[in-house]
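The values are calculated or read from the model by the stated rules, or taken from the named source; none is laboratory data. The shown structure was predicted, so the numbers you read here are calculated from the model rather than taken from an experiment. Cβ: placed from backbone, ideal geometry, glycine included. Neighbour counts: every protein chain shown. In case anyone asks, the SASA skips ligands and DNA or RNA and just uses the protein heavy atoms, side chains included. Shrake-Rupley method; radii C 1.70, N 1.55, O 1.52, S 1.80 Å.
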Amino acid sequence: MSAFSFIHAADLHLGSPLSGLATRDADLARRLAAAGRQAFEDLVTQAIERGVAFVVVAGDVYDGDWADNTIGLFFARQVGRLDRAGIPTILVRGNHDAESVITRAITLPPSVHVFPANRAGTHRIEALRVALHGRSFQGRAVEENLSLTYPAALPGWFNLGILHTSCTGHAAHETYAPCSLADLAGRGYDYWALGHIHEYAELSRDPWIVFPGNLQGRSIRECGEKGAVLVEVADGRVTGLTRLALDRARFERVAVDLAEASDTRAAIEAVEAALRPLAGLAANRLVLVRVHLAGTTKAHDALAADRESVTAEIQAAAHRLHEDLWLERLKIETRRPPAAIDSSGAAIDPAALLADLDRDPEFRSRAKAALTEIGGRMPAAVAAEADLEAEFDALCAEAEALIIGRLTGRHC
């Protein structure tokens, strides 16, 4: 059996919008919208340059039904590049692109093999003695353990299973085609190419059971490196696995403790220092960072009372490091230092006038109801980005800082 390599990808979600800064910058919105397609273009380019034997996609090529043929034509164009290079594409449909979900169709090159949904099947690549086994989703919700329907391994062949599944379960994803590691190992395959979970995971190395993660992160909930995996095979065994970073927009989180910051300027300097390690990532992609400010700091009131200016200063600091380093959102979760004590021993603490109000259940209930009403009147994209209910405590802190500034004569 000869040596060869293949690329295992999953969860392309072509056509899915990326969230973050789309409502703030038109050019950035355009680049975010193109990120998923560019990531897949890069995958195809790497497959051709590396001379892989085939490409596997373990479900969710599309994010859902097409509004028009544009996204289908894009995918056909890219697998056409693979076809001309003599590289087959083998895929299953997942919950987002199940047979019942995608109502349009574009004719794909003959080198593209899509497994049916009514039963599991086997696709053979005779020259390499590779047997690929798979089954697509028929509908969006599949509760059956599809792995148990897969055929037995072919003796003397490299057996590869392709399955879109929640496998052992994951809190952030729906439970579809559930199965256990024992179920997969019991089929006798050499490699399981899984999809559905958007985080990279090697569940086993004997046999190899791998989630490559999604090709492109789509929001702050999908942080870190995204892409596919390059798998090397020799003598019927997996001899190497390499992650391929293909994402064109990466989401990251940075927490900054401002305990030592005495004012806004010191706080901005601390944030810039924390962002500096991310500048290198922006050389080849957009980097969108959610910054969490924390700690007990004298700068609390100034930060909370002038969020807009602080946000602009942090974005400017990010752009000093790299033009493609963007602030996705700022979360101010700092605290005010304990109140000063005057000569009579009485606490001088205007915040005490407001603390009970912030904790009052009736106030919180009425305020949240008002925020929900406000959010309901916003455009959907704006409301999703603003996430007023999640920012409730931060909004209270901002209002409190403004009031305290007026009461104490401080101008933030």
Considering only residues that are open to solvent by less than 50 Å² (accessible area, probe 1.4 Å) and more than 22 Å from the chain's Cα centre (by Cα), which ones fall in segment 56-73? Gly72
Residues in segment 316-323: is at least one farther than 15 Å from Leu293 by Cβ and either at pLDDT below 70 or touching a Gly at 6+ places or on another chain (Cβ under 7 Å) (or both)? no
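Go through the residues of segment 251-270 one by one and say whether even a single one is under 22 Å from Asp27 (Cα atoms), touching a helix residue (DSSP H, G or I) at 6+ places or on another chain (Cβ under 9 Å) and touching a residue at least 12 places away in the same chain (Cβ under 8 Å).
Taking segment 251-270 and keeping what is under 22 Å from Asp27 (Cα atoms), we get 251-252.
Filter once more, so that each one left must be touching a helix residue (DSSP H, G or I) at 6+ places or on another chain (Cβ under 9 Å): 252.
Filter once more, keeping what is touching a residue at least 12 places away in the same chain (Cβ under 8 Å): 252.
Yes, because at least one residue in segment 251-270 is under 22 Å from Asp27 (Cα atoms), touching a helix residue (DSSP H, G or I) at 6+ places or on another chain (Cβ under 9 Å) and touching a residue at least 12 places away in the same chain (Cβ under 8 Å).
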Going by the conditions given, is Gly195 touching a residue at least 40 places away in the same chain (Cβ under 8 Å) and touching an Asp or Glu at 6+ places or on another chain (Cβ under 6 Å)? yes
If you go through segment 173-219, how many residues are more than 19 Å from the chain's Cα centre (by Cα), in a strand (DSSP E or B) and closer than 17 Å to Asn95 by Cβ? 1
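One line per residue, one yes/no per condition, for (1) over 22 Å from Leu32 (Cβ atoms); (2) β-branched (Val, Ile, Thr):
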{"residue": "Arg265", "(1), (2)": "yes, no"}
{"residue": "Ala282", "(1), (2)": "no, no"}
{"residue": "Val289", "(1), (2)": "no, yes"}
{"residue": "Ala305", "(1), (2)": "yes, no"}
{"residue": "Glu313", "(1), (2)": "yes, no"}
{"residue": "Leu321", "(1), (2)": "no, no"}
{"residue": "Lys331", "(1), (2)": "no, no"}
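Working only within segment 135-158, note down all residues that are of a type in the set (Ser, Thr, Tyr) and outside any loop (DSSP other than H, G, I, E, B). Talk me through it step by step, then tell me what you get.
To start, the set of residues in segment 135-158 that are of a type in the set (Ser, Thr, Tyr) comprises 136, 147, 149-150.
Ser147, Thr149, listed by residue number.
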Which one is farthest from Val238 (Cα to Cα), of the residues in segment 97-130 that are open to solvent by 80 Å² or more (accessible area, probe 1.4 Å) and of a type in the set (Val, Ile, Thr)? Thr103
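Being open to solvent by 10 Å² or more (accessible area, probe 1.4 Å) and under 23 Å from Asp324 (Cβ atoms) is the filter; apply it to segment 220-243 and report the residue that is farthest from the chain's Cα centre (by Cα). It would help to see each step written out before you state the result.
Of segment 220-243, the ones open to solvent by 10 Å² or more (accessible area, probe 1.4 Å) are 220-226, 230, 232, 234-243.
Within this subset, residues satisfying the condition of being under 23 Å from Asp324 (Cβ atoms) are 220-226, 243.
Details: Ile220: 6, Arg221: 5, Glu222: 2, Cys223: 5, Gly224: 8, Glu225: 9, Lys226: 8, Arg243: 16 Å.
Applying the filter and picking the extreme gives Arg243.
Name the residue, out of Gly86, Gly94, that is assigned to a loop (DSSP other than H, G, I, E, B), of a type outside the set (Asp, Glu) and open to solvent by 10 Å² or more (accessible area, probe 1.4 Å).
Values: Gly94 fails: open to solvent by 10 Å² or more (accessible area, probe 1.4 Å).
From the options Gly86, Gly94, the qualifying one is Gly86.
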Qualifying residue in segment 4-11 (condition: touching a helix residue (DSSP H, G or I) at 6+ places or on another chain (Cβ under 7 Å), within 19 Å of Gly94 (Cα to Cα) and hydroxyl-bearing (Ser, Thr, Tyr)): no
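For segment 263-277, state whether one or more residues are open to solvent by 10 Å² or more (accessible area, probe 1.4 Å) and part of a strand (DSSP E or B). Write out each step before concluding.
In the first step, residues of segment 263-277 are kept if they are open to solvent by 10 Å² or more (accessible area, probe 1.4 Å); the result is 263-266, 268-270, 272-274, 276-277.
Imposing the further condition that a residue be part of a strand (DSSP E or B) reduces the set to none.
Checked segment 263-277: no residue is open to solvent by 10 Å² or more (accessible area, probe 1.4 Å) and part of a strand (DSSP E or B).
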Among the residues of segment 144-162, are any closer than 30 Å to Phe251 by Cβ, out of contact with any Lys or Arg (no Cβ under 8 Å at 6 or more places or on another chain), of a type outside the set (D, E, K, R) and open to solvent by 10 Å² or more (accessible area, probe 1.4 Å)? no
Evaluate the following for Pro338: is it more than 29 Å from Glu225 (Cβ to Cβ), at pLDDT below 95, open to solvent by 40 Å² or more (accessible area, probe 1.4 Å) and not polar (S, T, N, Q)? yes
Selected residue [at pLDDT below 95 and either open to solvent by 10 Å² or more (accessible area, probe 1.4 Å) or out of contact with any Pro (no Cβ under 6 Å at 6 or more places or on another chain) (or both)] from Ala259, Ala283: Ala283
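One line per residue, one yes/no per condition, for (1) in a loop (DSSP other than H, G, I, E, B); (2) in contact (Cβ under 8 Å) with a residue 12 or more places away in the chain; (3) of a type outside the set (Ser, Thr, Tyr); (4) more than 16 Å from Leu288 (Cα to Cα):
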site	(1), (2), (3), (4)
His8	no, yes, yes, yes
Ser16	yes, yes, no, yes
Ala35	no, yes, yes, no
Gln46	no, yes, yes, yes
Val57	no, yes, yes, yes
Asp60	yes, yes, yes, yes
For segment 287-295, indicate whether the set of residues that are within 30 Å of Arg50 (Cα to Cα), open to solvent by 30 Å² or more (accessible area, probe 1.4 Å), not in a loop (DSSP other than H, G, I, E, B) and not aromatic (Phe, Trp, Tyr) is non-empty. no
Is it true that some residue in segment 343-358 is surrounded by fewer than 14 Cβ atoms within 10 Å (Cβ to Cβ), at pLDDT below 65 and among the hydroxyl-bearing types (Ser, Thr, Tyr)? yes
Between residues in segment 218-246 that are more than 17 Å from Gly51 (Cα to Cα) and residues that are in a loop (DSSP other than H, G, I, E, B) and of a type in the set (Ser, Thr, Tyr), which pairs lie under 7 Å by C-beta distance while being six or more apart or on different chains? Arg218/Ser16; Arg218/Ser19; Ser219/Ser19
Being in contact (Cβ under 8 Å) with a residue 40 or more places away in the chain, aliphatic (A, V, I, L, M), closer than 20 Å to Gly51 by Cα and surrounded by 13 or more Cβ atoms within 10 Å (Cβ to Cβ), is that true of even one residue in segment 131-143? yes
